[in-house]
Structure formats: structure tokens, C-alpha cells
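What follows is a short report on a single structure.
The values are calculated or read from the model by the stated rules, or taken from the named source; none is laboratory data. Just so it is clear, the model here is predicted, and its values are computed rather than measured. Cβ placement follows ideal geometry from the backbone for every residue including glycine, while neighbour counts extend to all protein chains displayed.
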Amino acid sequence: MELWDAYDRNRKKQEHVLIRDKSIPKGLYHLVVEVICMNPDGNVLITQRARTKTFPLEWEITGGSVLVGETVIQGALRELQEETGLRAVESQLTYLHTLRGRNYFFDSYLCQMPFEARDIQLNQEETVDFQILSFEEFDHKMMNGEMAGKIANRYLKYRRQVIEIIQKKAL
């Protein structure tokens, strides 16, 4: 059973604990994170979702719900490790954007860290395959709706910021 801390619309933590797959009372929210993982060469890691998950076998970036007792950063780092085997640290994360939905806050981060294909260790309950794409290939997949769910809709909100980070690094 997956448990989440509850927050109000101002993102103030509440006493209530939410349970995954149970209805969320009106006015309460939980935290969700997504992480674009990029290596020093500017390549981006994407993973293919397990058959048992929503959007089965579709491509995605790392993400998931923040568990009870975790900070958003801890949740982002845990999700990255669970889905890819990569162990990042907080200083490798750059905050990009927050989206408030009907019953969630969705925080997006860029993780800049060294990794190669041999470093990826998939958790078959979460992810069944991966690709390491150039940023241009990744951006193309995002812009052409080739990623799971509403990832591309969120990406459009912070795409310019990611491009600026990449451009600064290239200088």
C-alpha cells in the first residue's frame, strides 16, 4: 500500500494521509515528481513503462508520487533510483516547474549527472527498456507526442528553461 502526505491548495502539509488508488478528498493534494536525466554529453535517458502500469509500454521520463514522510527532492531521487538504478544527489537536480492539478502538485526537475548505458539497472516492475537519446531526439519525441500520458504538456511549460540550461553549459 502506497501512502502519500496530504497538502492543501497552498501546499501546506495536512494531518491527513492519502492512500494510492483511493479517492482524494476535495481540497487535498499529493505531490508528484518527474525527472529529466541528462548526462554531460547532453544525452537524455527515457524509459519504457512496464506492461502492468497505466500507459503500458509507452516511453517516459522518470517520475512518480512522493511517499509519506519524503520531501519532493527525496521523492525525485528515490524515483530515479527505483526506475533506472541511477543514484543522484540533490545538487544534481535543478527545479524546472510546478503544475497544480485537480488533486496534485507536479514538480519537474532536470538531473544533470554522468551516466552511460551500462549504469542503467531497470526495475522490471517499473520499467522494461530504456533509450539514451540526444537532446534533439528527446525534444522531437516530446514535441511529436511520442511519450506517455501528459508528459509533453508539462514539458512545454519548461522546455525553454531546459534549452537555456543546455545552451549555458555549451558556452
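Numbers at a glance
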| item | result |
| --- | --- |
| Verdict on Val68 being part of a loop (DSSP other than H, G, I, E, B) and touching a strand residue (DSSP E or B) at 6+ places or on another chain (Cβ under 6 Å) | yes |
| Condition broken by Asp107, with the remaining ones in (1) over 14 Å from the mean Cα position of the chain (by Cα); (2) farther than 12 Å from Gly42 by Cβ; (3) in contact (Cβ under 8 Å) with a residue 24 or more places away in the chain satisfied | (1) |
| Gln167 vs. criteria at pLDDT below 95, more than 30 Å from Tyr7 (Cα to Cα) and part of a loop (DSSP other than H, G, I, E, B) | no |
| Members of the stretch 120-146 that are in a loop (DSSP other than H, G, I, E, B) and either small (Gly, Ala, Ser) or over 23 Å from Pro40 (Cβ atoms) (or both) | Asn123, Gln124, Glu125, Glu126, Asn144, Gly145, Glu146 |
| In the stretch 25-79, the residues that are within 20 Å of Glu90 (Cα to Cα) and of a type in the set (Ser, Thr, Tyr) | Thr62, Ser65, Thr71 |
| Options Val72, Val35, Val68; residue that is surrounded by 23 or more Cβ atoms within 10 Å (Cβ to Cβ), β-branched (Val, Ile, Thr) and touching a residue at least 12 places away in the same chain (Cβ under 8 Å) | Val35 |
| Top-ranked residue in the stretch 19-32 [being farther than 27 Å from Met147 by Cβ and touching a Phe, Trp or Tyr at 6+ places or on another chain (Cβ under 9 Å); ranked as surrounded by the fewest Cβ atoms within 10 Å (Cβ to Cβ)] | Ile19 |
| Every pair of residues 6+ apart whose Cβ atoms lie under 8 Å, when the first sits in the stretch 1-18 and is in a strand (DSSP E or B) and surrounded by 10 or more Cβ atoms within 10 Å (Cβ to Cβ) while the second is among the small types (Gly, Ala, Ser) and at pLDDT 95 or above | Trp4/Ser65; Asp5/Gly69; Lys13/Ala6; Gln14/Ala6; His16/Ala6; Val17/Ala6; Leu18/Ala6 |
| Top-ranked residue in the stretch 119-139 [being out of contact with any helix residue (DSSP H, G or I) (no Cβ under 6 Å at 6 or more places or on another chain) and modelled with pLDDT under 95; ranked as surrounded by the most Cβ atoms within 10 Å (Cβ to Cβ)] | Glu125 |
| Residue identified as within 24 Å of Lys141 (Cβ to Cβ), over 11 Å from the mean Cα position of the chain (by Cα) and buried (at least 18 other Cβ atoms within 10 Å of the Cβ) among Thr84, Thr94, Thr62 | Thr84 |
| Test: residue in the stretch 96-103 that is in a loop (DSSP other than H, G, I, E, B), out of contact with any Gly (no Cβ under 8 Å at 6 or more places or on another chain) and within 22 Å of Arg49 (Cα to Cα) | no |
| Residue in the stretch 40-59 that is out of contact with any strand residue (DSSP E or B) (no Cβ under 6 Å at 6 or more places or on another chain), on the phi > 0 side of the Ramachandran plot and buried (at least 17 other Cβ atoms within 10 Å of the Cβ) present | no |
